[in-house]
Amino acid sequence: MREKILEFMKKNKMAEPGDVLCVGFSGGADSVCLLLLLEELSRELAFRLQAVHVNHGLRGAESDGDQEFAEKFCRERGIPLFVYACPVAQMAAESHMGLEEAGRAARRQVFEECVRENGATRIALAHHQNDLAETALFHLARGSSLRGLSSIRPVNGRIIRPLLCVTRREIEQYLKNLGIAWRTDSSNLSVDYTRNIIRHNVIPCLEEQVNERAVLHIAEAAGDLAEADEFLRREAKMRLGRIGRKMKKNGRDAWLLTEELTEEPGILQGYIILACLEELTGDRRNLTREHVRMARDLMGRRTGKQVNLPYGIEGRRTYEGVLLLKNGVKREPGMKPTKSPEISIAGSSACQVGDCRVSWEIFAGNMEKIPEKTYTKWLDYDRIKNGLVLRTRRKGDYLVINAAGGRKKLKDYMIDCKIPAEERNSVLLLASGSEIIWVVGYRIGESGRVSGDTRQILRIEVTGGNIHERKNPDID
């Protein structure tokens with residue numbers, strides 16, 4: 001047993017000289033075995049040892065007996081022990097969690113606190129192969145990705161699990177051979193908990209009726225799945241940089257996944273979407289197979305379709321692909337949206353419209369050549385009869401599209417230009433009544449074109465906001 005654990009720890013780089021290992025010590029067989037083995041290996045691997053015990057207060061005198069056992073065990077061996085009391089039942093009620101989930105949350109919190117307060121560099125937990133197999137089956141039955149099926153990892157950040165290479169039977173036999181006693185948690189014997197059903201009914205059935213080494217084989221398969229998951233995650237991140245584009249949309253963090261996503265193998269498509277969502281959220285705990293499917297299915301939907309995902313993420317089908325946006329509109333300091341202003345007929349001025357700054361001037365003269373600029377336009381002010389207003393679209397808007405006075409509905413023009421449906425209501429327009437003189441960032445109407453007869457020219461410029469995110473607008 002000792003050599004097996006030593007080789008496993010070295011293979012997974014679980015301890016370096018000078019480390020301080022804090023062992024989660026419940027007093028059960030697995031944690032007793034772990035503490036004994038680490039005490040022995042600490043001299044060879046040059047690390048120091050301490051232990052932490054959590055009294056959950058769920059089993060009355062039995063919980064107090066576990067604490068007394070832990071204190072005596074560590075005292076006899078000169079191992080520093082830190083004891084924490086956690087009202088798990090109260091935590092579960094207040095957080096609307098089950099007792100199992102609340103207990104795990106309490107232990108995580110205690111372990112992190114103990115590490116901060118007592119100088120440990122790693123947390124050693126006593127999960128073994130049976131725990132790994134039970135967790136893999138639990139995740140498989142409940143629905144899981146490869147990551148969930150890979151179950152419990154030997155190393156996860158500063159958490160190490162040196163016993164994942166041995167079974168519960170090996171652990172108990174090791175302690176019996178040494179004549180070492182341990183505590184038995186009575187709640188582990190109950191089949192009221194889902195994991196205990198797997199432990200007491202499913203695993204024994206597999207060992208007795210299918211293969212006596214079922215636990216080992218499940219553990220080995222979980223290890224293979226963990227390696228496959230890591231490979232696919234690395235591949236997804238590399239390919240995301242090729243088929244995805246990070247951007248800002250109306251002040252919101254966003255990723256655009258282009259049509260190239262559909263050319264990837266199906267399993268990689270899911271991993272790429274997951275990598276993209278993780279980039280936006282910084283987390284993935286609440287992201288499921290169903291959420292990935294919802295985002296991927298948008299590729300086959302018509303433009304404008306959208307879905308809501310966890311962490312306030314919106315998925316939208318656009319002309320270019322699938323846009324994933326994080327909630328939370330941000331404005332630049334001091335920028336206040338205003339109602340559409342009327343532009344005066346003389347002089348020069350400027351105003352703020354949403355996140356954009358608009359400036360204009362009217363001057364006399366003529367221009368032999370009009371520069372081609374997307375966000376600056378020179379217009380024939382003589383031909384504008386109904387005044388000018390900066391605004392967004394309204395019912396009945398139209399553009400004059402040729403010298404003969406032919407018209408096109410603004411909605412049809414926006415569709416032709418592939419302006420995403422979700423952006424059409426925010427596109428700035430320079431309007432004279434219902435006639436659109438300029439679709440900002442796109443084209444001007446024929447009524448606004450400067451000619452040789454023009455005597456008064458309106459120069460208007462729009463800057464700021466997210467206007468420069470648009471791709472390939474029409475250039476007049």
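Values in this text are rule-based calculations from the coordinates and carry no lab data. These numbers were taken from a predicted model, which means no experiment stands behind them. Reconstructed Cβ throughout: ideal geometry from the backbone, glycine too, with neighbour counts over all protein chains shown.
Cα convex hull of the range 404-461: how many Å³ per residue?
104 Å³
On average over all directions, what projected area in square nanometres does the range 195-262 have, based on the convex hull of its Cα atoms? If you can, show how the numbers build up before the last one.
Details: hull surface 32.6 nm².
The orientation-averaged projected area of the Cα hull of the range 195-262 comes to 8.2 nm².
Given the rule -39500 (n - 2.57) for each run of at least 4 DSSP H residues, summed and divided by the residues of the chain, what is its mean residue ellipticity at 222 nm, to the nearest 500 deg cm²/dmol? Don't jump to the answer; show the numbers that get you there.
On the way: 15 runs with 178 residues, N = 476.
It comes out at -11500 deg cm²/dmol, rounded to the nearest 500.
In vacuum, with every alpha carbon of the range 77-133 counted as one equal point scatterer, what does the Debye formula give for log10 I(q)/I(0) at q = 0.16, 0.22, 0.27 Å⁻¹? Two decimals, please.
-0.66, -0.98, -1.08
Compute the angle between helix 214-243 and the longest alpha-carbon principal axis of the chain, please, reported from 0 to 90 degrees and rounded to the nearest 10.
Relative to the chain, helix 214-243 is tipped by roughly 20 degrees.
Consider a paramagnetic label point 7 Å from the Cα of Val202 along Cα→Cβ; state which residues of the range 109-138 have an amide N under 15 Å from it.
Only 130-138 pass the distance filter.
Compute the whole-percent fraction of alpha carbon pairs in the range 116-175 spaced more than 19 Å apart. Could you put the intermediate results ahead of the total?
Working: 738 of 1770 pairs.
Across the range 116-175, Cα pairs with separations above 19 Å total 42 percent.
Would you mind checking the range 73-117 for residues with the amide N under 15 Å from a putative spin-label position 7 Å along Cα→C-beta of Arg158?
Zone members listed by number: 108-117.
Which one, Met1, Leu429, Ala275, projects farthest toward the positive side of the charge dipole computed for the chain from Cβ point charges (K/R +1, D/E -1)?
Leu429
Quick query: amide H of Val20 versus all other amide H atoms, modeled in the peptide plane; which residues come in under 5 Å with a sequence gap of 5 or more or a different chain?
HN-HN under 5 Å from Val20: Arg48, Thr121, Arg122.
For the chain, with only Lys/Arg (+1) and Asp/Glu (-1) charged at the beta-carbon, what is the dipole magnitude about the Cα centre, in debye rounded to 20?
It works out to roughly 2020 debye.
Given the Cα-Cα distance of Glu76 and Arg424 and 0.36 nm per residue of separation, how much length would full extension add, in nm?
117.8 nm
What is the Cα radius of gyration of the range 122-241 over 2.2 N^0.38 Å, N being its residue count?
Working: Rg = 16.2 Å, N = 120, 2.2 N^0.38 = 13.6 Å.
The value comes to 1.20.
Quick one: if you take sqrt(5λ) for each eigenvalue of the C-alpha gyration tensor of the chain, what semi-axes come out, biggest first, whole angstrom?
Each semi-axis is √(5λ); the values are 68, 23, 19 Å.
Using only Cα atoms and rounding to the nearest 10 degrees, what angle (0 to 90) does helix 129-142 make with the longest principal axis of the chain?
40 degrees
How far is helix 99-118 tilted off the main Cα axis of the chain, in degrees rounded to 10, range 0 to 90?
90 degrees
Would you list the P(r) distribution for the range 1-139, with all Cα-Cα distances sorted into 10 Å bins from 0 and each bin expressed as a whole %?
Calculated over all Cα pairs of the range 1-139, the distribution is 11, 38, 37, 13, 1 percent.
Just for the Cα atoms in the range 7-57, what are the lengths along the principal axes, largest first, rounded to whole Å?
36, 19, 18
Across every pair of different alpha-carbon atoms, what Kirkwood hydrodynamic radius in Å does the range 210-302 reach?
Every distinct Cα pair counted, the radius reaches 14.9 Å.
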